[in-house]
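Right, one structure below, let's go through it.
The values are calculated or read from the model by the stated rules, or taken from the named source; none is laboratory data. Predicted, not measured: the structure shown is a model, and the values here were computed from it. No Cβ is skipped: glycine too gets one built from the backbone with ideal geometry, and neighbour counts run over all protein chains shown. For accessibility, only protein heavy atoms count, side chains too; no ligands or nucleic acids. Shrake-Rupley method; radii C 1.70, N 1.55, O 1.52, S 1.80 Å.
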Amino acid sequence: MAVPKTHSTKLDGQIERIVFRNEENGFCVLRVKVRGHKELVTVTATVPTVNSGEWMTADGEWLTDPRHGQQFKATQVRMSQPDTLEGIEKYLGSGMIKGIGKEYAARLVKTFGRDVFDIIENSSGKLLKVEGIGKLRKERIKQAWDEQKSVRQIMAFLFSHGVSTTRAFRIYKVYGDKAIELVQRDPYCLARDIRGIGFLIADQIAMCLGIAKDSDLRARSGLEFILGELTSKGHCAYIRNDLLSHTAELLEIDLTIIEQALDYLLEQDRLIQRANLQGGELIYLPKLYFAEIALAKRLQLLGCGKHPCPSIDVEKALTWVQKKTGIELASAQRSALKTAVKSKVMIITGGPGVGKTTLVNSVLMVLKAKKLRVALCAPTGRAAKRMAETTGMEAKTIHRLLQYNPGTGGFVHKADNPLECDVVIVDESSMIDIVLAAQLADAVPLHAAFIMVGDADQLPSVGPGRVLQDIIHSKKIPVAHLDEVFRQAATSRIITNAHRINHGQMPEFPDSGERSDCYFVESDDPEKAVKLLGKLMKQSIPQKFHFNPLEEIQILTPMQKGELGARNLNQTLQQLLNPQGDEVERFGYVYRTGDKVMQTENDYDKEVYNGDIGRIAKIDSELSEMTVDFDARKVVYDFRELDELVLSYAITIHKSQGSEYPCVIIPLHTQHYVLLQRSLIYTAITRAKKLVIVLGTKKALSLAVSRSESRERVTTLSERLKEYI
């Protein structure tokens, strides 16, 4: 049948197959059964959502593509549920509704015919008549039907305002059926509540809804957004005038409007203002303000009273410990052990190779000999696992120790239901942000001792605050600072170089042909460095040092972006190390069975936490689910939740805190200039147990070593401790 080639026309037909769909912008290539055409017609369109079997009515034009031949380019599209039995079956079996695959779609259509949609929507009890559908599957089908209906409405709403529809499921999970109503009332709630939707997207929707550029609502939301962004960079508060000027710059409106908005937020207790020691005014998010106060007060309370350890002869205890372990403790370790059985709250800090683990084990021997109940914990699963290996005792993540309660949205263990123990020891304390530190301290029983162990020279926590450094800086809590590197540790260049870096000295690398555990590989050009890195990972290191590329080698890079950033390296290494397998594409990533992936946020329902690393075990396209193996624990993700996961062949140095790897490769280049600092390279090198390779330029390494001040964070925990203790 001859078809006009260019002028605008209409097309009606049933979607047979979705050839391609971009989840971010809704562009898709469809094969459509069109009346009057023997062959299926290729249609290109941009739509919020599409499923096989749907009926499409489109305006557009016929074009001849030089490669793909004749196709219809749709400019306006209306979708409707199919009305033919064949279409209905294809629609239900397309995977859009969990619990209905192709087999059950056929059974449903056979039983109910064209009434099937009405049955699912209004009389789902009748589904039990279908062979194989019991009460549980019936509930699942009904729930999935309601959910997809709401998600499609949200997608259509977002799409009509020019916004990517990929976050529709997350919006539905947070707001439920009230989503559109809430967003119409205050579109900026999306920036506050939905991960992945920033202020700029919410602002775009607000403009479409007719909210004025200089409106109070926009000014208030802008202030909260900027303060939220600053806390994501580690600040617990921000100087008032700087916050106002940052917000005015973003919103491009008069400063007086923003000042009025700030006064309103302060009156409503949505923000808190307090004077700082320099005489200026600090603005806090309430959660962080109260977390600092709560932690300071709790540490003061915990420090009071009698130590749970019965009175002992410390010198005898030291002799006994040294005899049992065969290790002679250094002077600082002996002093620290004495403090640990006398002070109810203390800090143990120091770099690698100074005997923190030996000291902790010695303290544990004394406490266990006195029949004290000890709880061990760390911020991440890997750190907890390592703590369990070095102590021979059970160690949990802080989240698992405190036990999340989905009903209340908080932890089971807190001040009115404390942990059942006499001592709490937490490792890798430099990683703990202010909110988690306050929650952990709150759960420590008042009679118990609390010992925080960590390296204060490492990067501070990813979340707001710098808890370990602030407590040490306050001089209000006893601190055991170990700084003597033991002879055995001093033979490792990883350890000696870490200490050199910490003292502002350039690390030393072996001469050509000399064996070492710490190497530098020069590579000026980032593009060549990426290729060299791939070769090191796949061939050189496995051949020379016998490390498994997937299990034992970890790339730690300063940043996400750029040629040597985590995102580009992950895509390169995925193709190199895991080129084949079942796959799914979502949120700009291709996920493949066998891939290394990392969780990027705390998901209390799944019990997986920010920084946990696993391997993709299974991808089920029919159920739209992916299974990830986290240390032999299988966790299932809906495809629409995959924005919680990123590939992790390469991760940022910040994300590596609390973990150890047999071999670490650190790409360092001047394109990372903005992030190069001493604590960053120090943290990266100390993640390696057996081998470190720094790949890049000496200039970048020299820059990192010379810049000692990590960008300062605005925190006031130190002042609070001085106030309360």
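R0 = 25 Å: FRET efficiency of Ile180 with Asn602, Cβ-based, nearest 0.05? The pair Ile180/Asn602 has a calculated efficiency of 0.35.
Total lysine pairs in the stretch 336-404 at Cα distances under 23 Å, for residues eight or more apart or on different chains: 23.
Cross-link reach is defined here as a Cα-Cα straight distance under 27 Å, omitting same-chain residues fewer than 8 places apart; for Lys129 the lysines meeting it are Lys90, Lys98, Lys102, Lys110, Lys138, Lys142, Lys149.
Each residue, Glu389 and Thr491, gets one label point 7 Å from its Cα in the Cβ direction; the gap between the two is 2.0 nm. Counting protein heavy atoms only, the chain has 48 percent of its accessible area on carbon and sulfur, 1.4 angstrom probe. Excluding ligands, DNA and RNA, the accessible surface per residue across the chain is 45 Å² with a 1.4 Å probe. For the pair Ser123 and Glu527, label points projected 7 Å from Cα toward Cβ lie 6.7 nm apart. In percent, rounded to a whole number, the relative contact order of the chain is 10, using alpha-carbon pairs under 8 Å and six or more apart. Remark: the Thr9-Asp629 segment gains 218.1 nm on full extension, using 0.36 nm per residue and subtracting the alpha carbon distance. Once the Cβ-Cβ distance of Lys33 and Ile211 is raised to the sixth power relative to R0 = 51 Å, the FRET efficiency obtained is 0.70. The listed peptides 201-212, 351-362, ordered by packing as a protection proxy, come out as 351-362, 201-212 (highest mean of other Cβ atoms within 10 Å first). Accessible surface of Ile239, taken over heavy atoms with a 1.4 Å probe and every protein chain present, rounds to 70 Å².
Remark: spin-label model distance Asn548-Leu40 equals 4.1 nm, labels positioned 7 Å along the Cα→Cβ axis. One entry in (i) 87, 55, 55; (ii) 97, 66, 58; (iii) 122, 65, 48 is Cα extents along the principal axes in Å calculated from the shown coordinates; its label is (ii). Scoring 545-552, 63-70 by mean Cβ neighbours within 10 Å over their residues and listing the highest first yields 545-552, 63-70. Charge dipole (Cα centre; +1 on Lys/Arg Cβ, -1 on Asp/Glu Cβ; no other charges) of the chain amounts to roughly 1840 debye.
Cβ-Cβ distance of Asn25 and Met506, R₀ of 35 Å, FRET efficiency by 1/(1 + (r/R0)^6): the value works out to about 0.15. Here the contact order of the stretch 525-634, divided by its residue count and restricted to Cα pairs under 8 Å and six or more residues apart, works out to 15 percent. For the chain, the longest principal axis of the alpha carbon atoms and the long axis of helix 434-443 meet at an angle near 70°.
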